[in-house]
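Notes follow once the structure below has been shown.
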Amino acid sequence: MNHGPIFDYRALVGSGALSPDPAQLLAAEKLHLLHARLEGYVPGREKGGLRGLMRIGRPDPPPQGLYIFGDVGRGKSMLMVCVNGTAVKLGRP
């Protein structure tokens, strides 16, 4: 997978548009993990087997979200732009 928030963040740092920031990097990594979990998530689908095909039983729980906070000017909105640029569109079950 060569797309996602961490790749966008690294590209911005690599181009000189951003200065490296350990807190932003950590947030970008966590957002990337969430992005990867959302890629394989289908709302209302149970994992494998006949029960999954027939949609019987409990569906997969949705991936846990991420709460980002920090001082003004720390790059929270910029990170969300990286996320929105690579957002996974979830379909209806």
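Each value in this text was obtained by applying a stated rule to the coordinates, not by laboratory testing. Just so we're clear, the structure is a prediction, and the values are computed from it rather than from any experiment. Neighbour counts are summed over all protein chains in view; Cβ atoms, including those assigned to glycine, are modelled from backbone coordinates with ideal geometry.
Between ALA23 and HIS3, the C-beta separation translates, for a Förster distance of 30 Å, into a calculated FRET efficiency of about 0.85. Coupling constants for the range 9-16 follow from the phi torsions by the Karplus curve (6.51 cos²θ - 1.76 cosθ + 1.60, θ = phi - 60°), and in residue order they are 4, 4, 5, 5, 5, x, 7, x Hz; glycine and proline get x. Model label sites at ALA11 and LEU33, defined 7 Å from Cα along the beta-carbon direction, differ in position by 2.4 nm.
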